[in-house]
Amino acid sequence: MTQLAEKNDVIQQLQKEVLSLQGYKRASGSQSIKTGLGLMERAFPGKTFPIGAVHEFISNAIEDTASTNGFIAGLIGKLMQGGACLWVSSKRTIFPPALKIFGIEPERIIFIDLAKQKDVLWSIEEALKCESLAAVVGELNELSFTESRRLQLAVEQSNVTGFIHRYNPKSENTVACTTRWKVKPLASVTESGMPGLGFPRWNVQLLKVRNGKPGSWQIEWSAGNFQHIPKQVFSIPEIQTLKAG
């Protein structure tokens with residue numbers, strides 16, 4: 001039993017070293033960051049959301065873009081913890097006052113709007129090198145593997161977490177980012193008898209995660225946190241009623 005325990009310790013240590021060499025970092029001790037993703041965190045190595053890494057999001061429709069920015073806002077709100085964030089884009093799609101829904105004061109985010117994609121990419125890379133920032137969000141269309149590798153190298157030195165949001169790219173090419181996501185909107189649910197809209201709901205797909213397990217979840221943003229939506233199970237009579245309707 002002792003030898004088996006020692007082998008397991010060696011394997012775990014080797015896994016940590018491999019992850020470190022691949023640019024994966026996790027918060028620890030007093031720097032522990034709780035993203036509130038709950039069950040979703042099981043998909044990541046060590047069951048911890050990767051910080052000091054670059055996360056790629058892909059949207060192919062306008063409504064997907066809004067949902068993706070909302071999901072990103074929920075994440076950076078957890079990561080900032082009194083720090084600042086830089087949001088770079090050529091065509092800003094975020095409405096700053098709406099960030100208050102996700103617990104973020106708009107003045108804590110520096111927005112940079114640039115006309116050219118190459119300038120957007122340069123600004124993202126330079127921002128990711130700035131250790132005083134908690135997170136960087138960049139909106140652009142195309143990202144090559146070489147460009148993504150430069151971004152990954154930058155965060156490995158600074159430990160800043162980057163979010164690259166690509167809208168309607170020509171191709172979903174391979175990049176060096178730690179994760180790849182797609183977020184789509186779901187219909188909100190209102191309380192019985194209440195007017196208006198319910199809380200934001202999304203179908204979140206983790207298409208790729210380095211050394212982790214991709215998956216899909218349905219979540220809602222309410223009470224200042226991510227809430228998982230339980231999958232509804234219908235009985236046979238209910239299914240027949242739905243089909244008839």
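The D119 and V189 beta-carbon pair, evaluated with R₀ = 45 Å, returns a calculated FRET efficiency of approximately 0.60.
Label positions at K34 and F145, each projected 7 Å from the Cα along the C-beta direction, are separated by 4.0 nm. Computed on the Cα trace of the stretch 24-169, the radius of gyration divided by the Kirkwood hydrodynamic radius gives Rg/Rh = 0.93. Which of the pairs K47/K118; K34/K170; K100/K182; K78/K213; K34/K208 have their Cα atoms more than 26 Å apart in this structure? Long pairs (Cα-Cα over 26 Å): K47/K118; K34/K170.
Extending 7 Å from the Cα toward the beta-carbon at both E172 and K47 defines two label points whose distance is 2.9 nm.
Using only the C-alpha atoms, the convex hull of the stretch 81-127 corresponds to 72 Å³ per residue.
Bear in mind that the values in this text are calculations on the coordinates, not laboratory data. Values in this document were obtained by computation on a predicted structure and should not be read as measured data. All Cβ positions, glycine included, derive from the backbone under ideal geometry; neighbour counts span all protein chains shown.
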